[in-house]
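Beneath this line is the structure, given in structure tokens, with notes to follow.
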Amino acid sequence: MELLQFVFSSFWVWLGCVVLIVAAGEAVATAAAGFRQKRKVSVYHVGDVTRVEVENAGRADIPAAVKALNEQAAEVDE
């Protein structure tokens, strides 16, 4: 209860507490985003050439992307 009385004792104390809470939350969110790898797969078709770009891929992601591309190409050829 005394903590709440202190926080709400002044506008500047309240604002400082809000800024500290937001900064701490932002730090936690940034750390959590760093642990999570975002994978990006891009496929470009230019004429007869197909280019596949895979960012932040694991070992299993690359063969899976090539297999999906080959299946897609087989469907287009039919």
Which one of these is touching a residue at least 24 places away in the same chain (Cβ under 8 Å) and of a type outside the set (Ser, Thr, Tyr): Val54, Val49, Val43?
Val43
Quick one: Ala68 ticks every box in (1) open to solvent by 100 Å² or more (accessible area, probe 1.4 Å); (2) without any contact (Cβ under 8 Å) to a residue 12 or more places away in the chain; (3) not charged (D, E, K, R) bar one, so which box is it?
(1)
Inspect all residues belonging to segment 9-16 and state whether any of them is in a loop (DSSP other than H, G, I, E, B) and exposed (fewer than 10 other Cβ atoms within 10 Å of the Cβ).
no
Could you say whether any residue in segment 51-63 is of a type in the set (Lys, Arg) and touching a strand residue (DSSP E or B) at 6+ places or on another chain (Cβ under 8 Å)?
yes
Unique residue being at pLDDT below 80, open to solvent by 60 Å² or more (accessible area, probe 1.4 Å) and among the β-branched types (Val, Ile, Thr) when the list is Ile21, Ile62:
Ile62
Of the residues that sit in segment 30-45 and are outside any helix (DSSP H, G or I) and of a type outside the set (S, T, N, Q), which one is least open to solvent (accessible area, probe 1.4 Å)?
Val43
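The values are calculated or read from the model by the stated rules, or taken from the named source; none is laboratory data. Note that this is a predicted model, so its numbers are computed, not measured. Here Cβ is always computed from backbone atoms with ideal geometry, including for glycine, and neighbour counts include all displayed protein chains. To get the accessible areas, we keep the full protein, side chains included, count just its heavy atoms, and leave off ligands, DNA and RNA. Shrake-Rupley method; radii C 1.70, N 1.55, O 1.52, S 1.80 Å.
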